[in-house]
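Working notes, beginning with the structure itself.
The values are calculated or read from the model by the stated rules, or taken from the named source; none is laboratory data. Everything quoted here is computed from the prediction, not taken from an experiment. Because the Cβ atoms are built from the backbone with ideal geometry, glycine has one as well, and the counts that use them run over all protein chains shown.
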Amino acid sequence: MAALSSRIRWPGVAEAAARRRHLPAAHLVCVYVVLLLGLPSVLIFAPLGSPGTPANIWGLGALLWWVLATLGGHNPVRGLTWYRCATGLFVVAVLCSYAAAMAHGWYSPAHLRRGINDFTLMVPSVTELADVQVSAADRGLVAVFAWVGITLLAAEGLRSWRELERVISWLVFLGAFMSVLGIVQYLTGLSITSLYAIPGLSANSEFGGVASRSVVNRVSATAAHPIEFGVVMAALLPLALHRTVHEWGNRWALLPTVLIAVSAGLSVSRSAVVSTVAALFIVLLGWPARWRIRALALLPFAVVAMRSAFPGLLGTIYALFSNLGNDPSISGRTTDYDAVAMLWGQSPTFGRGFFTFVPQFYRILDNMYLLLLLELGVVGLVCTLVLFMTGFLSARAARSRALDARSRHLGLCLSASLAGLLLALGTFDALVFSMTAGTLFLLLGLSAAAWRLSAEERGAADAPG
């Protein structure tokens, strides 16, 4: 009887066993989204420093989960895929940079320090500089492993387009939640600090307040800075459009898109505007002509509604671009190139260690690509660009070969979100901000998942029989 029982395939038992063997990545990734966007990005576990956000801790757990599942044979992805190679090259580049930094050490030339306050003008001792830089390099490794964990889990753990769409929905819902917080802050000046008193977490900087630019408020919601808030909203906007287009019968389908689009402007940030325009440009190019015409026809009405609801906002945003020649923040960016050229020349190949260009001893660089060149060297910058382009091209490939129209549209929107984010990296030190970095690497993983799913369904469709 026992032998007979072992040979019987009871209905649902095999399927349930298969589900238990699968990596429940969709649930894990959704929790990551909640921790990333729902909690202020400056709340950390103090012993780990700035990378010790709950989202990064979860990312480290995701990396451990991915390693164990892969070694245990529960990960159906086998061998060296393009995304694994690109991710591996990025990790190796970071580790080489770390080793080179520990071997060569650091120094802080006086001409590199651009004073922001009295503290940044202090000349550090050799011991102080070494202690801070070693700690910063360690924090860089923690952050990188967390990002790699979530991107690999998303790339290889999502089993179907339905699971991928579920993660997209959570991203949009949490983006809408952030948008509501931002709109309330803009209209009332409310500080959200008192709403986030969480035991075990401490803030590594002030958060939740409202800044100002010209005659309007600048809001950040749960982000660390208005620029980060605006860029993340710009990255989520194409995904919100995706849900709106394919759930048009739902009476609430348009609401998240409107909220996210409005909140991107409330950051009053050039980076957010540039990122939004780039993302929407790619979406519009990929849409059918009739969709494009309708969207462009609605644009003037949206501008009028925005101007009526938020007086002075559009004028302030316009002034950000019309006065570029007189903006000290722009001239400050251009002076960075000569100031850091000599420092880069000391370690051009592998750089000085990720996260080690500490503003306390140097200056703030509003260009992440320039910062990557300094910290990871030429090798690290090239490997990072390869990873970024692999994610973007994966989304474009999913756009081309997915069998379902909704899946093809999702590939288009993922590529648009990544394009806007990657452009924004040239306008501020984006990876220093944990929410921006987490969003970027999650989108890279989702794009790789879309590529894999489209390849699998295309292979199944082309298989004989």
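Side notes on the structure shown:
- Val167 meets all of the listed conditions (1) modelled with pLDDT of 85 or more; (2) not in a helix (DSSP H, G or I) but one, namely (2).
- Annotation: of all residues in the range 70-84 being small (Gly, Ala, Ser) and over 14 Å from Gly157 (Cβ atoms), the one that is surrounded by the most Cβ atoms within 10 Å (Cβ to Cβ) is Gly73.
- Within the range 95-128, considering residues that are over 17 Å from Leu343 (Cβ atoms) and modelled with pLDDT of 85 or more, the one surrounded by the most Cβ atoms within 10 Å (Cβ to Cβ): Tyr98
- Any hit, the range 310-324, residues being under 26 Å from the mean Cα position of the chain (by Cα), of a type in the set (Val, Ile, Thr) and either at pLDDT below 90 or not in a helix (DSSP H, G or I) (or both): yes
- Hits in the range 386-427 - residues which are of a type in the set (Val, Ile, Thr) and assigned to a helix (DSSP H, G or I): Val386, Thr390
- Qualifying residue in the range 428-438 (condition: outside any helix (DSSP H, G or I) and surrounded by fewer than 23 Cβ atoms within 10 Å (Cβ to Cβ)): yes
- Residue match in the range 158-170 (condition: under 29 Å from Leu68 (Cβ atoms), basic (Lys, Arg) and surrounded by 18 or more Cβ atoms within 10 Å (Cβ to Cβ)): yes
- The range 261-286, residues that are at pLDDT below 95 and either of a type in the set (Phe, Trp, Tyr) or outside any helix (DSSP H, G or I) (or both): Ser267, Val268, Ser269
- Of the residues making up the range 258-270, not a single one is surrounded by 13 or more Cβ atoms within 10 Å (Cβ to Cβ), over 23 Å from Leu314 (Cβ atoms), more than 20 Å from the chain's Cα centre (by Cα) and among the β-branched types (Val, Ile, Thr).
- Candidate set: the range 275-295, residues that are surrounded by fewer than 13 Cβ atoms within 10 Å (Cβ to Cβ) and over 23 Å from Leu421 (Cα atoms); chosen: the one nearest to the chain's Cα centre (by Cα): Pro288
- Of all residues in the range 44-69, those satisfying the criterion of being crowded, with 17+ Cβ neighbours inside 10 Å and over 24 Å from Phe433 (Cβ atoms) are Trp65, Trp66, Ala69.
- Selection count, the range 339-364, where residues are surrounded by fewer than 23 Cβ atoms within 10 Å (Cβ to Cβ) and in a loop (DSSP other than H, G, I, E, B): 10
- Verdict on Asp131 being part of a helix (DSSP H, G or I), among the charged types (D, E, K, R) and modelled with pLDDT under 80: yes
- Residues (of a type outside the set (A, V, I, L, M) and either without any contact (Cβ under 8 Å) to a residue 24 or more places away in the chain or under 20 Å from Ala240 (Cα atoms) (or both)) located in the range 149-166: Ser160, Trp161, Arg162, Glu163, Glu165, Arg166
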